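One structure is given below, encoded as structure tokens.
The values are calculated or read from the model by the stated rules, or taken from the named source; none is laboratory data. For clarity, every value in this text was computed on a predicted model and none was experimentally measured. Neighbour counts run over all protein chains shown; Cβ positions are idealised from the backbone, glycine included.
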Amino acid sequence: MKKNLTHILQEGHTHTLSSDKKDALKTHLVAYMNKHPFNAGGVRPIHTSRSIFVLFTGLTRYKYMPIALIIALVLGGGTSYAAEYALPGDTLYPIKINVNEEVRSALAISPEAQAEWDTTRAERRLGEAVTLAAEGKLSAETRTDLQTAFEVHTNQAQTLFAQIEERGRTEEAVIGRTKLEASLQAHSQLLSEVEAEHSDDNTEIGIMLASVQSHIVPVGESVAALAPTVRTMAMMKSDTATENTNEEMSANTGTRTAHDAVTESMVQARMHIASDSLEQVQELFEKFKDDLGTQRVGEVESRIHLAQSAFARGEASFEAKNYAQALASFQETFARSQELRVYITVGARIQQQDADDHEDTVPETEQKNDDSSQIPVNASVGSETDMQSDMDSTTTNEIEIEAHTESDTPDEHDEDNGGLRVHGNLNVDLDI
Amino acid sequence: MDRSEHIKNLFLHTYEESADAIYRFCFFRVSDKELAEDLVQETFTRSWLYISEGKEVQNMRAFLYQTARNLIIDHFRKKKSGSLDALVDEGVQFEELDMSDSEEHMVDVRYTFEKIQPLLNKLDDTYREVLILRYVEDLGPKEISALLGESENVISVRINRAMTKLRTLAATYTDI
């Protein structure tokens, strides 16, 4: 007679803590929890394994980085500011995407922050593509890399927006998606313009453009699904006069018609976002007007007017307590402003068309409220300094830094004049 | 009720639900009741600390298992490869996946869980771990692979190899 071993093992499931012991442990746990109360606000060190792993990944690909650079990064020099304007092919470009951007990824804790950062990263890749394309330097290989990265970040942002929606934060999701859609539209237009200017050699530009355009509709649709009363950029582009708005509004029964009541405070919030955005655009225009070239200046001016009149309509609706209409108008203002933000900044940059001239323009495609890339990074080398009091030391994350010079192991790395090999994990305490 | 109260209650509820599972997981690996109880304690206090700082945990259950697992690994490291003999892996054929009800897993009827336990302890720790997760805790290969960070195929193969070993042990031990 035989018995099934799996069933025997399953019997093990009955093995439990005695109820006394379970209660005793619980009492102890409660005491501990009272001693360490929940504290989501305030400054806290960032020890997420994600940040460590990601930083580590960024560095190992460039194992033999110049010592000075590693020391600067690791021991408190902050992320490399100079790398921020690098383009694919520049020496510092790997630092930009593998270190600077990864550090900022690690800082983005909430889904909203992550989604915002993913959107920014997607924008950066597109901006780089446009800039290179304008210089006639968008090779197939670079285009593939940039396209892949752009798609990854866009998809990730969309996934996060869906999560944000799930949590009931519809407004945040709408705003985030609107920003994304606007950015895609602007880059799409710029790519078309550059494509036209390089008619003899624009295959790669065309491919990139197709990819960007293929993402516009899904993002736009996701905006419409969330907020049936707003008009997406696609709708605005088709040059409808305002009398069509009502029909479109009623036709657009997204999945959430009944979900969100349009409240006065919601509209007010959107109004503030829209007016801030509009203001930012006007400032950007003043700053970059001379760099845009006459054709773009004309285009931008007329679009600013459209954004301004949308805002005025919003204000009027708001005063008339017609909140749904007001929201739609402020949404339009916001979307148009975001599109302009990108169009102005990237447009100004490519107008320069100077291969060596990377140092002047700050990447202002990014929102003003982004964290500055000057983040003091204090790395602690060695075992964890935290979490000592109540427990034994954890799985220690040790970091071994071997410095080597040319004289060491000459067979392996002849191309470097000394570097630093970093093993293990890097614990990073950040003061935000 | 404010948010921190809510989170605190949620966590204590999680404790009620999961303490036994974590205990079993620890106990069957370290074979020491008191140690297992300490490990449960530490798993939960440590997890609480993480949450109390406002960090998000996607899957609480997985997080607890992972924390417990890390603590167990630490424990074994301190003991310097532990007191458990690892069986030499000789000539084990690659088994067909998912054979839980086949003849291969049948053993003498006199076996009970208590009697199997010492044999479990003779298994290599990675084998014991998957068997506990799969059969004692009833987690699927997919969940286990997510927990341990290894592919489902690797997990399935390991489960089958582990079962074969255990069965072999059960067949060779005569004084049940």
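So the values come out like this:
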read-out: Condition check for A:GLU166: loosely packed, with under 13 Cβ neighbours inside 10 Å, within 23 Å of the chain's Cα centre (by Cα), modelled with pLDDT of 80 or more and of a type in the set (D, E, K, R); value: yes
read-out: B:VAL92 surrounded by fewer than 20 Cβ atoms within 10 Å (Cβ to Cβ) and at pLDDT below 85; value: yes
read-out: B:GLU143 being outside any helix (DSSP H, G or I) and more than 13 Å from every other protein chain (Cβ to nearest Cβ); value: no
read-out: B:VAL40 being within 10 Å of chain A (Cβ to nearest Cβ) and either over 24 Å from B:GLN117 (Cα atoms) or not in a loop (DSSP other than H, G, I, E, B) (or both); value: yes
read-out: Test: residue in segment B:107-117 that is over 16 Å from the mean Cα position of the chain (by Cα), at pLDDT below 85, more than 24 Å from B:ASP32 (Cα to Cα) and crowded, with 17+ Cβ neighbours inside 10 Å; value: yes
read-out: Given (1) out of contact with any Asp or Glu (no Cβ under 7 Å at 6 or more places or on another chain); (2) modelled with pLDDT under 90; (3) surrounded by fewer than 15 Cβ atoms within 10 Å (Cβ to Cβ), index of the condition A:ASP276 fails; value: (3)
read-out: Only listed residue being closer than 25 Å to A:HIS187 by Cβ and at pLDDT 90 or above, chosen from A:PHE318, A:PHE330; value: A:PHE330
read-out: Count of residues meeting criterion [assigned to a helix (DSSP H, G or I), hydroxyl-bearing (Ser, Thr, Tyr) and more than 7 Å from every other protein chain (Cβ to nearest Cβ)] in segment B:1-37; value: 2
read-out: Scope segment B:43-63; condition within 15 Å of B:LEU10 (Cβ to Cβ) and more than 7 Å from chain A (Cβ to nearest Cβ); matching residues; value: B:SER47, B:TYR50, B:ILE51, B:GLU56, B:VAL57, B:GLN58, B:ASN59, B:MET60, B:ARG61, B:PHE63
read-out: Residues satisfying the stated conditions in segment A:97-137, i.e. β-branched (Val, Ile, Thr), at pLDDT below 90 and either under 25 Å from A:ILE350 (Cβ atoms) or in a helix (DSSP H, G or I) (or both); value: A:ILE97, A:VAL99, A:VAL103
